[in-house]
Amino acid sequence: LLASMDEHQREQAEHEQEVSGRLQALMERVNSMEQDAKAFHSHLEDQRQKALTDPLPGLPNRAALSERLEQEVARRHRAGGDAEGFDYMDRNLLLAVLDIDHFKRINDDFGHLAGDKVLKIIAGELRKRSRQADFIARCGGEEFVVLLPATSLEAGRQLLERLRAAIAACPFHFKGEPLSITCSAGITAFEGNEAGEAVFERADQALYRAKRAGRDRLEVA
């Protein structure tokens, strides 16, 4: 009887050791799969960020602007309730379009390297002088779009005037030759439940009014 009990205990110990080994191997496999999944998701996020970034100035591109615009419009709608203590400033959203004046002339006279340098410097000025909540994107060519959430139209106008003046004051040089660079801009505010496309069109029309009025100026729509 004692021998039988010893044999049973030995077999049980061997079985428990085998189960423990399998469990340990399974846990190691699950941990490895979790690490692989994290690395995969990190890679996907890196690729997503690259797809949303214009590599030349290092700013978000048009696709990123569309994504952010949807988020800001949704935020405005959420802030549009009638809850007690509602701050209407939370629903304010401005959109501005900036365009480098005579950019084609820069490329023609000094080459595309000079044009690329101008884009990078202007992108740096926009980043440096904007607020943390603001969103700046390059929409192709020499055009930039700025989203200003929770901002009154007058405050947005003052901010864009400072950005425009800062760009005009930049000491641009290429191969020892000075370049005079200015920007024109149009700015407008979202009204009601407007879609982003309608607001962009209004700001773009204001930009063209600034161009027709002599450039290096801001028009409010």
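At-a-glance table
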read-out	value
Antiparallel bridges, percent of DSSP beta bridges restricted to the stretch 101-221 (to nearest 5)	70
Potential extension, Ser4-Leu153 segment - 0.36 nm per residue separation minus Cα distance	44.6 nm
Chain lengthening between Leu26 and Leu179 when straightened (0.36 nm per residue, less Cα-Cα)	48.5 nm
Dipole in debye (nearest 20) - the stretch 121-197, about Cα centre, beta carbon charges: Lys, Arg +1; Asp, Glu -1	440
Label-point gap, in nm, between Arg105 and Gln12 - each point 7 angstrom along Cα→Cβ	9.5
Per residue, the convex hull volume that the Cα atoms of the stretch 95-213 enclose (Å³)	103
Cα-based Rg of the chain normalised by 2.2 N^0.38 Å, two decimals	1.68
Virtual spin-label span in nm between Glu194 and Arg215, 7 Å along Cα→Cβ	2.7
Net charge, Phe144 excluded, C-beta distance under 9 Å - Lys, Arg +1, Asp, Glu -1	-2
Where the stretch 149-199 is the region considered: accessible area per residue in Å², 1.4 Å probe	47
Fraction of accessible area attributable to carbon and sulfur, the chain (%, probe 1.4 Å)	52
Solvent accessible area, Å² - Glu142, 1.4 Å probe, full protein context	50
Rg(Cα)/(2.2 N^0.38 Å) for the stretch 154-221, N = residue count	1.32
Candidate lysines - alpha carbon under 24 Å from Lys175, same-chain residues fewer than 8 apart omitted	Lys104, Lys117, Lys120
Percent of beta bridges antiparallel (DSSP, the chain, rounded to nearest 5)	90
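The values are calculated or read from the model by the stated rules, or taken from the named source; none is laboratory data. Because the structure is a prediction, the values reported are computed rather than measured. All Cβ positions, even for glycine, are placed from backbone atoms using ideal geometry, and neighbour counts span all protein chains on display. Just so you know, the surface numbers come from the protein's heavy atoms only, side chains and all, with ligands and any DNA or RNA stripped out. Shrake-Rupley method; radii C 1.70, N 1.55, O 1.52, S 1.80 Å.
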